[in-house]
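Enquirer: Structure provided below as structure tokens; questions to follow.
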Amino acid sequence: MKLSELKTGEKGVIVKVLGHGGFRRRIIEMGFIKGKTVEVILNAPLKDPIKYKIMGYEISLRRQEAEMIEIISEEEARNTNSATSLYDPISENIPVTEEQMKALAQGKRRTINVALVGNPNCGKTSLFNIASGAHEHVGNYSGVTVDAKEGFFDFQGYHFRLIDLPGTYSLSAYSPEELYVRKHIIEETPDVIINVVDSGNIERNLYLTTQLIDMNVRMVIALNMYDALQNSGNTLDIKKLSQLLGVPAVPTISRTGEGIDELFHVIIGLYEGADFMGQKEEIQNEALQEYRKWHDAYVPDHKYGSHKEEENDFTPKNFIRHIHINHGPELERSIEAVKKEIGKIENIRHKYSTRFLAIKMLENDKDIERRIISDMPNADTIIDIRNKEAERLKAVMNEDSEQAITDAKYGFISGALKETYTDNNQNTEMFTRIVDSIVTHRIWGFPIFFIFLYIMFEGTFVIGDYPMQAIEWLVGVIAQAAESFMPAGPLKDLVIDGIIGGVGGVIVFLPNILILYMFISIMEDSGYMARAAFIMDKIMHKMGLHGKSFIPLIMGFGCNVPAIMGSRIIESRKSRLVTMLITPLMSCSARLPIYLILIGAFFQSHASLVLLGIYSIGIILAIIMARVFSKFIVKDDDTPFVMELPPYRMPTAKSVLRHTWEKGVQYLKKMGGIIMVASIIIWFLGYYPNHEQYSTQAEQQENSYIGQIGKAIEPVIEPLGFDWKMGIGILSGVGAKELVVSTLGVLYAGDEEVSSENLAERLNITPLVAFGYMLFTLIYFPCVATIVAIKQESGSWKWAVFTAVYTTVLAWIVSFLVFQIGKLFM
Amino acid sequence: MDIQTIIIGIIIIMCMCFVGLRIYRLLSGKGKSACDSCAGCALKNACEKKVENVKK
């Protein structure tokens, strides 16, 4: 019976918890664990919620939630006990001990409801027949127009009720079969689902698997007709695939019965263990002990642990975990918006995964909309949000949301198979496969990636040069105008040297930054960035870093703050931490003006190559530091994940321009805000005290406040070849990296026209020092916003301070080595 | 003290207040969300979600 059927004062023992994974986990975490005694304390006036006592605690549950918990009541236990002996007098008052009830609950629990779900012709029915074997009892369950077969059999002390559901390609609401299968999974809540996959057609079959993953059901994959795959010469890394999907996969051959025993072993393990994982995803001792005891008693031919699959089930984590299929940032944003609104209604959460409902809504699933959503009080709002999001997706992605979700799912499958499946018979390659075979090639992939980066930087320099010259000219005109119209005095100096010198020195790089963003946007939208992440993923793995880390790291090219926040996609806390620590080494766009100004002045003939070198050094240092941190400071096991490979798509002008425009607006806001304010402060500190008392500007600056600060830090930066003005640039860069250039603009402002070229000429340094300075600004203290982001994400100042210190020390060491060693050759 | 020096004094005080306020907001998590720093970023949504979670 169900827990909701117990009356006040009655007791029962929990047999099992039904429902989707998220619900089960929450209920189990509350203490509703199999074999535990639960007592009804109080029924609320309207019989909802109900207060229970379990393990000494009092907990309230909604009636609908209690309906999902199967129990054995005292009365049931009494009836069962009295029925066992014909001679015992039947009495209502025969006391039933808790131990007896627990034993009965344990026995009842040994019935496992299993549903077979798979594509048509994947060998489901053969598997059903071979599994249920001679013991089968086949009945017919009629759906609307489809049937499901039911069979029973016993295996290793468990009683299996096997339901063979009709074959279906997906869980959308297009055909009666699809609807029937979906309804069965939701309404009947089978304990375990066997997702039968045709190994010969794995890519198409896994599409259904991704939908089942969305539903968060307890599942095992039967890689059926595995012999066909083996004979074809193709190979599949089953263990890896299981890890990536978070679902155990077992190769089976229905025709011969091979792998069937192993499959049901895994099902028992999954049924008994999956909900009882600890935080580190290891099975809880209590559940494991009980399972072992049962196993040893009922399977006398071998001890627990002597089978390969038993070791696999419990020891390695990652096999049984719920993953979220990443549909890409735009779709995820829409899913999140719809899910948030659906999640407001608590009453449906016990039965449906809200994420699944949100995805289905975006797929325009009329059945879900009619049967579930329309009954909700906020149905109109949900549909409104869905419509708005669908329109937004259409505008941004140039395809409807349904198609976009399908593409994303195939992207996920493609990524998973790229890592696990080797197709040795590729004769029907599509465009994506051909391009992928080139850009993700294990040797050519890297040079191609760097060629793309080179093109990006070359474009940034060459195309950016024309608008840059125009802005420089405009800044010059404004400076001239101020020079002509303003009366001499400190206010004029403030406007020309402080504001125009500072802000004008940085604003000229706006076109370059916009072009860089445009290239990044095109690379992301076309699907190439995912390939770049894919090839880098292997290096990341080798370096002990989580593969997922490369995604936030790539984001770091734009700005380190969202990159650090983006590291939340990594489940493992320790891997997240390492990613956060190395993200500042990815050169953000704020550092670009520094490189442009120095490269423009000292390395004009090889500008793009030097810029590529700087970015590459950042990446290489990040990889090295990741290795160091994961080895010595934060150790963790790698959690596997699928790096999605979405199909190539022509980037839409709207999406690219939107990203670029937003970046431009943000850059200009920064110019009018913090950059201008900081430039004024730097100018003030360099102008006072006693501005009039010195004969030359250099002498005056040296004796100013900033000069004194600069002189104080000079001994530290002298071994790097930097003068005190460059030191002040470094100090101000702590606030924001753009400030380095604006500070240098203010400090090196002479009497001539203020422009970047002139500033570069005024920098009295050698190319070697310039290179060292670029490396220093690349590596040292990211910026205050990044440090605060690390503090917020890691939850403590410790790692934020550590990042600030290690990056600065590393920057000093690298620049020192470059300068000192370089001096020997120059 | 001439009028120009007084104006500069006022500007500097305003600038210092601006910087102080920015640092205070940044460290205390008050005011504008950190997501403003990544307006054009594809992860803005994830970032906003995080901020919402923090607020909750």
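Enquirer: Cβ-Cβ under 9 Å, sequence separation 6+ or interchain: first residue in the range A:366-383 and closer than 17 Å to residue A:346 by Cα, partner acidic (Asp, Glu). Which pairs?
Expert: Between residues of the range A:366-383 that are closer than 17 Å to residue A:346 by Cα and residues that are acidic (Asp, Glu), the close pairs are A:378/A:341; A:379/A:369; A:381/A:341; A:382/A:341; A:382/A:369.
Enquirer: Now a separate question. If you go through the range B:1-22, how many residues are surrounded by 14 or more Cβ atoms within 10 Å (Cβ to Cβ), modelled with pLDDT of 85 or more and more than 25 Å from residue A:734 (Cα to Cα)?
Expert: 1
Enquirer: While we're looking at this one, here's another question. Just one of A:801, A:769 is modelled with pLDDT of 90 or more, under 18 Å from residue A:565 (Cα atoms) and either β-branched (Val, Ile, Thr) or crowded, with 21+ Cβ neighbours inside 10 Å (or both); which is it?
Expert: Answer to the selection: A:801.
Enquirer: Return yes or no: is residue A:398 modelled with pLDDT under 85, surrounded by fewer than 21 Cβ atoms within 10 Å (Cβ to Cβ) and farther than 20 Å from residue A:522 by Cα?
Expert: no
Enquirer: Now, a different point. Checking the condition touching a residue at least 24 places away in the same chain (Cβ under 8 Å) and of a type in the set (D, E, K, R), which residue from A:10, A:29, A:58 passes?
Expert: That would be A:10, the only listed residue that is touching a residue at least 24 places away in the same chain (Cβ under 8 Å) and of a type in the set (D, E, K, R).
Enquirer: Would you point out the residue of the range A:321-343, among those that are surrounded by 19 or more Cβ atoms within 10 Å (Cβ to Cβ) and basic (Lys, Arg), that is nearest to residue A:358 (Cα to Cα)?
Expert: A:339
Enquirer: Does the range A:689-700 contain any residue that is more than 8 Å from chain B (Cβ to nearest Cβ), surrounded by 20 or more Cβ atoms within 10 Å (Cβ to Cβ) and in a helix (DSSP H, G or I)?
Expert: No: zero hits.
Enquirer: Tell me which helices (runs of 4 or more DSSP H) are completely within the range A:378-455 and hold 1 or more residues being farther than 30 Å from residue A:208 by Cβ, or say none if there are none.
Expert: Of the helices (runs of 4 or more DSSP H) lying wholly inside the range A:378-455, those with at least 1 residues that are farther than 30 Å from residue A:208 by Cβ span A:379-397, A:431-439.
Enquirer: I would also like to ask the following. Can you tell me which residue within the range A:188-227, out of those that are over 25 Å from the mean Cα position of the chain (by Cα) and part of a helix (DSSP H, G or I), is nearest to residue A:150 (Cα to Cα)?
Expert: Ranking the qualifying residues of the range A:188-227, first place goes to A:188.
Enquirer: Further, regarding this structure: List pairs: first in the range A:116-134 and of a type in the set (Phe, Trp, Tyr), second surrounded by 17 or more Cβ atoms within 10 Å (Cβ to Cβ), Cβ under 7 Å, 6+ apart or cross-chain?
Expert: Every condition considered, the pairs that remain are A:128/A:116; A:128/A:149; A:128/A:151; A:128/A:162; A:128/A:164.
Enquirer: Still on this model: Sort out which residues of the range A:114-145 are at pLDDT 50 or above, in contact with a Leu (Cβ under 9 Å, 6 or more places away or on another chain) and among the hydrophobic types (A, V, I, L, M, F, W, C), and write them in order of number.
Expert: A:114, A:115, A:116, A:117, A:127, A:128, A:131
Enquirer: For the range A:421-431, check the following and say yes or no: at least one residue is touching a residue at least 24 places away in the same chain (Cβ under 8 Å), closer than 30 Å to residue A:228 by Cα and surrounded by 14 or more Cβ atoms within 10 Å (Cβ to Cβ).
Expert: Yes, because at least one residue in the range A:421-431 is touching a residue at least 24 places away in the same chain (Cβ under 8 Å), closer than 30 Å to residue A:228 by Cα and surrounded by 14 or more Cβ atoms within 10 Å (Cβ to Cβ).
Enquirer: Consider the range A:705-730. How many of its residues are surrounded by fewer than 22 Cβ atoms within 10 Å (Cβ to Cβ) and either within 13 Å of chain B (Cβ to nearest Cβ) or within 21 Å of residue B:9 (Cβ to Cβ) (or both)?
Expert: The qualifying residues number 4.
Enquirer: Considering only residues of the range A:767-826 that are of a type in the set (D, E, K, R) and touching a residue at least 12 places away in the same chain (Cβ under 8 Å), which is nearest to the other protein chains (Cβ to nearest Cβ)?
Expert: Top of the filtered list is A:793.
Enquirer: To continue, here is another question. Of all the residues that make up the range A:325-351, how many are within 12 Å of chain B (Cβ to nearest Cβ) and not in a loop (DSSP other than H, G, I, E, B)?
Expert: 11
Enquirer: Would you call residue A:73 touching a Leu at 6+ places or on another chain (Cβ under 9 Å), crowded, with 18+ Cβ neighbours inside 10 Å and modelled with pLDDT under 80?
Expert: Considered against the rule, which asks whether it is touching a Leu at 6+ places or on another chain (Cβ under 9 Å), crowded, with 18+ Cβ neighbours inside 10 Å and modelled with pLDDT under 80, residue A:73 comes out as no.
Enquirer: May I ask you to verify whether residue A:52 is buried (at least 19 other Cβ atoms within 10 Å of the Cβ) and among the hydroxyl-bearing types (Ser, Thr, Tyr)?
Expert: yes
Enquirer: Please work out which residue is surrounded by the fewest Cβ atoms within 10 Å (Cβ to Cβ), limiting yourself to the range A:432-454 and to residues that are without any contact (Cβ under 8 Å) to a residue 40 or more places away in the chain and of a type in the set (A, V, I, L, M, F, W, C).
Expert: A:443
The values are calculated or read from the model by the stated rules, or taken from the named source; none is laboratory data. Worth saying up front: this structure is predicted, and the values here are computed from it rather than measured. Please note: Cβ atoms are built from the backbone with ideal geometry, for glycine as well, and neighbour counts cover all protein chains shown.
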